[in-house]
Amino acid sequence: MEIDSGSGKSNVKIPEEGSSMNMDSQEPSETKGDSDEKEQLAGIMDKLNIESSSDGFKRKPVIIIVVGMAGSGKTTFLHRLVCHTQASNIRGYVMNLDPAVMTLPFGANIDIRDTVKYKEVMKQFNLGPNGGILTSLNLFATKFAEVISVIERRADQLDYVLVDTPGQIEIFTWSASGAIITEAFASTFPTVVTYVVDTPRSASPVTFMSNMLYACSILYKTRLPLVLAFNKTDVAQHEFALEWMEDFEAFQAAIRSDSTYTSALTESLSLSLDEFYRNLRSVGVSAISGAGMNEFFKAIEASAEEYMENYKADLDKRRTEKQRLEEECQKETMDKLRRDMEQSRGETVVLSTGSPSNICLALAGLAAQPSYRICCDCKFSLNFVDDLHDLRLDRYTILGEYCRFLRTTFFWMKMLN
């Protein structure tokens, strides 16, 4: 997605078909008879545990999204996963979503840095480091459907897709682009979120509780299976964390050694997270020594089964309801727009901002109406308005801000195309 300062257009570079890691590139030989071809296809699907679905959902590969606090060892842990898949003859596919990383210890099949130039984004939009990462991720998300299509074409050749996220965890977990990417994965493949915990730093009960609260927020934000990976077990073993999660009294005893106000807050919060711990899978791993890799993949497989049994049905229900509401809201806005056009009959009008959702739909309607024109720089004009000063400045500014935001969403790109 190279940024063109002249036109503002973006292009996504997708790796060639032969660039996948540790995969057999030979396609199944064609057979003359249709029956032999069907039997061969059925055999491959049974072997890979793939089920046909009317909505294009596939049971393989399993998407593993690795998130965690800065310094917890996400990238090093992902490197260990890549090495394990290669050594175990597991067919893996690697994706990097961190545009600001300088070097990667592993080869990425799809790398955001190949399509979005992080420093150019900072320079063009006058942004700081965090704003540059967020905007780069937003730009990449606008074309993420192409990434999904690439993985779909190789689904019968893959077991796992390993996804590395930006070091600033909030940029991915709490941004619109992060939600778009996560939902795009979850609507097509079984998706599991792995939260990497820095085990030595979590030896403090307050720090441990902070990590658990963040893990809980990610679980309820993404609504996907979550696996806790206690990293750096070569430095400090994670048994104390498992004991605190299973035995409330042991955690209370550890808290009593601290008499500050944070210990009282932590003690009350631990009661609320008791139910959260019961349905949570956690393993101890070491990105340096490779310990715990087999247990980690067993937890991933169990989470993938849980996704198929529980999470997918809920996701399909929410997606259907969201689509129905969007269609109703869009129809209502378009009907109102037609009525306003009939009443105005070429007269000068002042646009009302309304709610953000109405603005988004109104701007989408502008692109579909011949009486309106949208410029490439996202400033719109109405052909029946003589001068822009007829519009109120504050409202025009607000509309411009929403226009720039819509440019980085699937909905906006869909309407323009």
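The values are calculated or read from the model by the stated rules, or taken from the named source; none is laboratory data. These numbers were taken from a predicted model, which means no experiment stands behind them. Surface accessibility is based on the protein's heavy atoms, side chains included, excluding ligands, DNA and RNA. Shrake-Rupley method; radii C 1.70, N 1.55, O 1.52, S 1.80 Å.
Here is how the numbers come out for the structure above:
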quantity: Accessible carbon and sulfur surface of segment 62-320 relative to its total accessible area, %, 1.4 Å; calculated: 53
quantity: Heavy-atom accessible area per residue - segment 62-320, 1.4 Å, Å²; calculated: 41
quantity: Prolate/oblate/rounded call for segment 193-238, Cα gyration tensor, a/c under 1.5 rounded; calculated: oblate
quantity: Lysine pairs within segment 62-320, Cα separation less than 18 Å, 8 or more sequence positions apart or different chains; calculated: 4
quantity: Kirkwood-type radius of segment 162-306, with distances r between different C-alpha atoms, in Å; calculated: 16.1
quantity: Residues with amide H under 5 Å from that of Thr233, placed H, sequence gap 5 or more; calculated: Val285, Ser286, Ala287
quantity: Solvent accessible area, Å² - Glu305, 1.4 Å probe, full protein context; calculated: 80
